[in-house]
Amino acid sequence: MNSDFGRPVVPVDGGHWPFPWPADFELENTVGSQHWSLIGGLMVQYVNDMEPTRATTDIDTLVHVEIENQGSLNALTSGLRKLGYTAVPRLDSRQPVHRFRRKDGAGETQVDFLVADHVAPRVLDRLRPPTPVEAPGGTNALSRTQVFEVTHETGMSRISTPDIVGALVLKSEAYRVDSRDRERHLMDAVTLALLLDGENSGPPLHGTASRRMRRLIRRLDDPRACDRAGLDRDDVSDAIIALEDLLDG
């Protein structure tokens, strides 16, 4: 098995990959997986064996500034421009650029990029202002990334993405901070929790990661929140049991 910056590379055979996956592979092959990890809706699709739980047309990325500082941000933004993406104008010059878009025959593709929360001050000091948008739970998620070598119609790409537990941490925090679309994040969290097999193959769950899992359980225990998200009660119950087993493991 190959490795990518110390992380195992798992080969995956693939067939047809629907939109916007071809754009993701194009970006993966232009900007290497050492610079960024895939998060968001495509992350959920991938760990769910490509079974989409909802439509998504965005590519959400978590930039590895903790590894290469400004270099990873530069690599991603220059790669996006090379592929024909343009930065979405900011409403306020004090806000960081964090979104690029491109229109082509397949439709409009949007790429958002964030950095992990709790990045070391010495790293942030090396980034050009304004500081990039932070993803709550990003540091926990990056400690649990895996790299997959994916075969697709046009070749092979390497995808770096958090494991199921890392993805759950991100979704728990997204539910907390993103009041515009909480139902979507809760739906994704249930999908991910149902994939748990009772074993934690990554770093031990402690500190903030453990607290975030317990917070997610409390949210799933709220019938009103689950009803607003249109979640099946049996699925929610199974998800809670899986999360409790993970914490007890």
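Summary of computed values
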read-out	value
Matching option when the condition is surrounded by 20 or more Cβ atoms within 10 Å (Cβ to Cβ) and farther than 19 Å from Leu195 by Cα, among Val133, Val150	Val150
Scope the range 172-189; condition of a type in the set (Asp, Glu) and either over 15 Å from Glu134 (Cα atoms) or touching a residue at least 60 places away in the same chain (Cβ under 8 Å) (or both); matching residues	Asp181, Glu183, Asp188
Inter-residue pairs, beta-carbon under 6 Å, first over 19 Å from Thr161 (Cβ atoms) and free of Cβ contacts under 8 Å to residues at least 40 places away in the same chain and in the range 100-121, second among the aliphatic types (A, V, I, L, M) and crowded, with 19+ Cβ neighbours inside 10 Å, 6+ apart	Phe100/Leu80; Phe100/Val111
First in the range 68-91 and within 23 Å of Leu124 (Cα to Cα), second anywhere and in a loop (DSSP other than H, G, I, E, B) and small (Gly, Ala, Ser), Cβ under 9 Å, 6 or more apart	Ala75/Gly32
Matching helices (runs of 4 or more DSSP H) fully within the range 1-84 where at least 1 residues are at pLDDT below 90	40-47, 65-68, 70-82
Some residue of the range 157-167 being over 17 Å from Trp36 (Cα atoms) and either among the β-branched types (Val, Ile, Thr) or more than 17 Å from the chain's Cα centre (by Cα) (or both)	yes
Test: Asp245 is at pLDDT 95 or above, part of a helix (DSSP H, G or I) and either at negative phi or of a type in the set (S, T, N, Q) (or both)	no
Output for the range 108-122, where each listed residue is of a type outside the set (Val, Ile, Thr), more than 14 Å from Ser143 (Cβ to Cβ) and assigned to a strand (DSSP E or B)	Glu108, Gln110, Asp112, Phe113, Leu114
In the range 230-249, the residues that are in contact with a Pro (Cβ under 9 Å, 6 or more places away or on another chain) and exposed (fewer than 13 other Cβ atoms within 10 Å of the Cβ)	Arg233
Pair list, Cβ under 8 Å, 6 or more apart: the range 221-249 residue among the β-branched types (Val, Ile, Thr), other residue modelled with pLDDT of 95 or more and part of a loop (DSSP other than H, G, I, E, B)	Ile240/Asp221
Enumeration of residues in the range 105-120 that are farther than 17 Å from Thr56 by Cβ and at pLDDT 80 or above	Val115, Ala116, Asp117, His118, Val119, Ala120
Residue among Val165, Val150 that alone is farther than 26 Å from Pro121 by Cβ and in contact with a Ser or Thr (Cβ under 6 Å, 6 or more places away or on another chain)	Val150
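Here's the yes/no breakdown for (1) in contact with a helix residue (DSSP H, G or I) (Cβ under 7 Å, 6 or more places away or on another chain); (2) closer than 25 Å to Val63 by Cβ; (3) surrounded by fewer than 22 Cβ atoms within 10 Å (Cβ to Cβ):
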{"position": "Gln146", "(1), (2), (3)": "no, yes, yes"}
{"position": "Met156", "(1), (2), (3)": "no, yes, yes"}
{"position": "Ser160", "(1), (2), (3)": "no, yes, no"}
{"position": "Lys171", "(1), (2), (3)": "yes, yes, no"}
{"position": "Tyr175", "(1), (2), (3)": "yes, yes, no"}
{"position": "Asp181", "(1), (2), (3)": "no, yes, yes"}
{"position": "Arg184", "(1), (2), (3)": "no, yes, yes"}
{"position": "Met187", "(1), (2), (3)": "no, no, yes"}
{"position": "His206", "(1), (2), (3)": "no, no, yes"}
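The values are calculated or read from the model by the stated rules, or taken from the named source; none is laboratory data. Note that this is a predicted model, so its numbers are computed, not measured. Ideal geometry is used to build each Cβ from the backbone, glycine not excepted, and the neighbour counts take in all protein chains shown.
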